[in-house]
Amino acid sequence: MHATTLEFTLLVGLGSLFAGLLGSLTGLGGGVVIVPFLTLLFHVDIRYAVGASLVSVIATSSGAAAAYLREGYSNMRVGMFLEVATTLGALSGAYLVTRMPAGAIAILFGLVLLYSAWTSIRPEGEVSGGQRPDSLAGLLKLDGSYPTSGGHSDYYVRNVPAGFGLMYVAGVLSGLLGIGSGAVKVLAMDRVMHIPFKVSTTTSNFMIGVTAAASAGIYLHHGYVDPGLAMPVMLGVAAGALLGARILPGAKVRTLRIVFGVAIATIAVEMIAKGIGGRI
Amino acid sequence: MTDATESPNTHFAILLSHLLRAGVILSATVVLVGGILYLVQHRGPAPPYGVFQGEPTDIRYAQDIWRAACSGHGPGLIQLGLLLLIATPIARVAFSVVEFAIERDGLYVSTTLVVLAILIYSLASS
């Protein structure tokens, strides 16, 4: 690639804007497309890509959390308790990534992308909130309620150890691949712990930034975060996410999710193929 | 069973929301200014990102980043902005310690301190 610094920066910024926009409109976060877009399109080494992506994930999730926190759905205690698991996972993931060959990172990334594609395409079925109290959840004060049109609706949290374990995995993926792992976090809370969907998604949002921050320090110290690259990515994704939030009311989310899902499934296959072939 | 702490929970959430937004805006501004300086200071071909060499060691750690940023070094300023961004969720967690303390929730003050310790360990590790 023989672009000048300015051209390269603008192109990356534009691509990141698009990623942020799409992520915001589909509700899935742009993080998952940043790494493939940088490695496959711009031939950036995967370590620089992961560094830039992780940083942009902190920006978008903090921004989103700022917007959603006001609505009163997030469960602070669930979030904080599970953040012990995610941050430990993030540390583990960050240490792992410094020891893994680029090809292996690419293959793993491709697999996670396939999972994201599937969650994007499948219908959003909600698991109803837990109705029976769980003694461990009660002890940890995790149960809560959320606002509905008819007053507050209570819910009980279940399967705490399994949820905790899954959150650790979400953290490892975040630290390893520079993504937010929002999908896995929501999976753990909504489907395993029976926390209502809207509570799960808003709580996940504010957890993503903390999880990413836990591995960001390690990325910085290993030189994964290049300022010239992270700058257009962070600014582009943030701008795209803001734009997406504005357009959202008029968007056909379902169609976008299907298109997005198919697109990232294709990218996933390419990532895995390149990873296996050592061409990443 | 209605959670007795749900009103303070929402109030607390709104304060956190302001904190997060301020952090992102501040860091984005610093990154933007740093970015402009970087583009002015670095004309010519784009760096070879295809080969991983790691960042120059003079902008990997906080003290060095601060020094570079203060001398108007574009990349240094960008890294400073990114450090501020990383600090935003950490500040949020620190803020939560105070909030749980106000609610007299010893269990969650401890839990939050554990998370804070993990975050600080990550940032301080070398």
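The values are calculated or read from the model by the stated rules, or taken from the named source; none is laboratory data. Every value quoted in this text rests on a predicted model; they were computed, and no experiment measured them. Cβ atoms come from the backbone with ideal geometry, glycine included; neighbour counts cover every protein chain shown.
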Candidates A:S174, A:S181, A:S200 - the one that is out of contact with any His (no Cβ under 6 Å at 6 or more places or on another chain), free of Cβ contacts under 8 Å to residues at least 24 places away in the same chain and more than 9 Å from chain B (Cβ to nearest Cβ) = A:S200
Please determine, by comparing only the residues of the stretch A:214-252 that are more than 9 Å from chain B (Cβ to nearest Cβ) and not in a helix (DSSP H, G or I), which one is modelled with the highest pLDDT.
-> A:K252
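Criterion first (out of contact with any Asp or Glu (no Cβ under 9 Å at 6 or more places or on another chain), farther than 20 Å from A:Y48 by Cα and surrounded by fewer than 17 Cβ atoms within 10 Å (Cβ to Cβ)) does B:I102 satisfy it?
So B:I102 fits the description; yes.
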Residue list for the stretch A:156-184, restricted to those being of a type outside the set (A, V, I, L, M, F, W, C) and surrounded by fewer than 24 Cβ atoms within 10 Å (Cβ to Cβ) | A:Y156, A:R158, A:N159, A:P161, A:G165, A:Y168
Can you name every residue in the stretch A:35-78 that is facing chain B (nearest Cβ under 8 Å), touching a Gly at 6+ places or on another chain (Cβ under 7 Å) and in a helix (DSSP H, G or I)?
-> A:I58, A:S62, A:A65
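The rows are residues; the columns are (1) at negative phi; (2) in contact with a Gly (Cβ under 8 Å, 6 or more places away or on another chain).
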position: A:Y168; (1), (2): yes, yes
position: A:G175; (1), (2): yes, yes
position: A:G180; (1), (2): yes, yes
position: A:F197; (1), (2): yes, no
position: A:I218; (1), (2): yes, yes
position: A:G223; (1), (2): no, yes
position: A:V233; (1), (2): yes, yes
position: A:A239; (1), (2): yes, yes
position: A:I247; (1), (2): yes, no
Where in the stretch A:119-190 are the helices (runs of 4 or more DSSP H), entirely inside, with at least 3 residues that are within 25 Å of the chain's Cα centre (by Cα)?
-> A:160-177, A:182-186
Subset of the stretch A:85-117 (residues that are over 18 Å from A:I276 (Cβ atoms), more than 15 Å from the chain's Cα centre (by Cα) and touching a residue at least 40 places away in the same chain (Cβ under 8 Å)) | A:A85, A:L88, A:L91, A:S92, A:A94, A:Y95, A:L96, A:V97, A:T98
When only residues in the stretch A:56-115 that are within 18 Å of A:L187 (Cβ to Cβ) and hydroxyl-bearing (S, T, Y) count, which is modelled with the highest pLDDT?
-> A:T86
Only one of A:G178, A:G150 is within 15 Å of A:G89 (Cβ to Cβ) and out of contact with any Lys or Arg (no Cβ under 7 Å at 6 or more places or on another chain), namely A:G178
From the option list A:G103, A:G93, single residue qualifying as more than 8 Å from chain B (Cβ to nearest Cβ) and either surrounded by 24 or more Cβ atoms within 10 Å (Cβ to Cβ) or out of contact with any helix residue (DSSP H, G or I) (no Cβ under 9 Å at 6 or more places or on another chain) (or both) is A:G93
Does A:I208 satisfy being in contact with a Phe, Trp or Tyr (Cβ under 9 Å, 6 or more places away or on another chain), aliphatic (A, V, I, L, M) and either buried (at least 23 other Cβ atoms within 10 Å of the Cβ) or within 7 Å of another protein chain (Cβ to nearest Cβ) (or both)?
-> no
Would a scan of the stretch B:44-52 turn up a residue that is of a type outside the set (K, R), touching a residue at least 60 places away in the same chain (Cβ under 8 Å), part of a loop (DSSP other than H, G, I, E, B) and in contact with a His (Cβ under 9 Å, 6 or more places away or on another chain)?
-> no
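Among the residues that make up the stretch A:18-30, is at least one of them without any contact (Cβ under 8 Å) to a residue 40 or more places away in the chain and over 30 Å from A:S145 (Cβ atoms)?
No, there is no match, as no residue in the stretch A:18-30 is without any contact (Cβ under 8 Å) to a residue 40 or more places away in the chain and over 30 Å from A:S145 (Cβ atoms).
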Please give the number of the condition B:I90 fails out of (1) over 19 Å from A:G175 (Cα atoms); (2) crowded, with 19+ Cβ neighbours inside 10 Å; (3) of a type outside the set (K, R).
-> (1)
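Consider B:G76 carefully, then state whether it is over 14 Å from the mean Cα position of the chain (by Cα) and either facing chain A (nearest Cβ under 7 Å) or assigned to a loop (DSSP other than H, G, I, E, B) (or both).
Against the criterion (over 14 Å from the mean Cα position of the chain (by Cα) and either facing chain A (nearest Cβ under 7 Å) or assigned to a loop (DSSP other than H, G, I, E, B) (or both)), B:G76 does not qualify.
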